Amino acid sequence: MLAFDSVLFELARLFLWPVTLGVLLSFVYAVYCLGAFGVEYLQRRRDPSRALVLQSHAQASQEQMELVVLKQLEGSGESQGVAQSLAPAFASVIVALASASITFVVYTVRRRWLMRELVTVLDARDRLS
C-alpha cells in the first residue's frame, strides 16, 4: 500500500507545475474575459439601444443573426472544450474531497478511541503502583 501512495505522490508532483501553469493561464484568460465583459457592459449602459455585435449583420436574415449570436456565445467553439476539460477536474476535486472527509472522520474517531485507551491504560497502571 505504501508503494501505491508514493507512486500517487510522485505522479501528483510530476503534474504540479503543468497544472499550476494551466490554472494561471486560465485565470489570466478569465480576467481578460471579465475586462471585455466590463467594457461591453459600459458600452451597453451608455447606449442600450445600440447594436454592438450584430451591427455589421443588420441586413442578414434572422437565422444568420442567430448563428452570429451563438458563435459569439460559444467563443468559436471554445466553451464546449473548456466544459469538457473542466468536468474531469471537478470530478477529481469531488472525489478528493470525499476521500479527505472520510479520512478525517476515521482519524477523529480513532484519535478519540486511542486517547480513551491511553487514559484507561494509565489509570490501570496508576492503580497497580
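The values are calculated or read from the model by the stated rules, or taken from the named source; none is laboratory data. Just so you know, these numbers come straight off a predicted model, no measurement behind them. Ideal geometry is used to build each Cβ from the backbone, glycine not excepted, and the neighbour counts take in all protein chains shown. Just so you know, the surface numbers come from the protein's heavy atoms only, side chains and all, with ligands and any DNA or RNA stripped out. Shrake-Rupley method; radii C 1.70, N 1.55, O 1.52, S 1.80 Å.
Observations, loosely collected:
- Think of it as helices only: each DSSP H run of n ≥ 4 in the chain is worth -39500 (n - 2.57), and spread over all residues that comes to -31000 deg cm²/dmol at 222 nm.
- If R0 equals 41 Å, the separation of the Cβ atoms of Q62 and V23 corresponds to a calculated FRET efficiency of about 0.50.
- Cβ-derived FRET efficiency at R0 22 Å, I94 paired with E74, nearest 0.05: 0.25
- Three-way shape label, the chain, alpha-carbon gyration tensor, a/c 1.5: prolate
- Normalised alpha carbon radius of gyration of segment 15-87 [divisor 2.2 N^0.38 Å]: 1.45
- Once the 1.4 Å probe is applied to the protein heavy atoms, segment 11-129 comes out at 90 Å² accessible per residue.
- Förster radius 25 Å - calculated FRET efficiency between S6 and V106, Cβ distance, rounded to 0.05: 0.75
- Per atom type, the chain shows carbon and sulfur on 69% of its accessible surface, probed at 1.4 Å.
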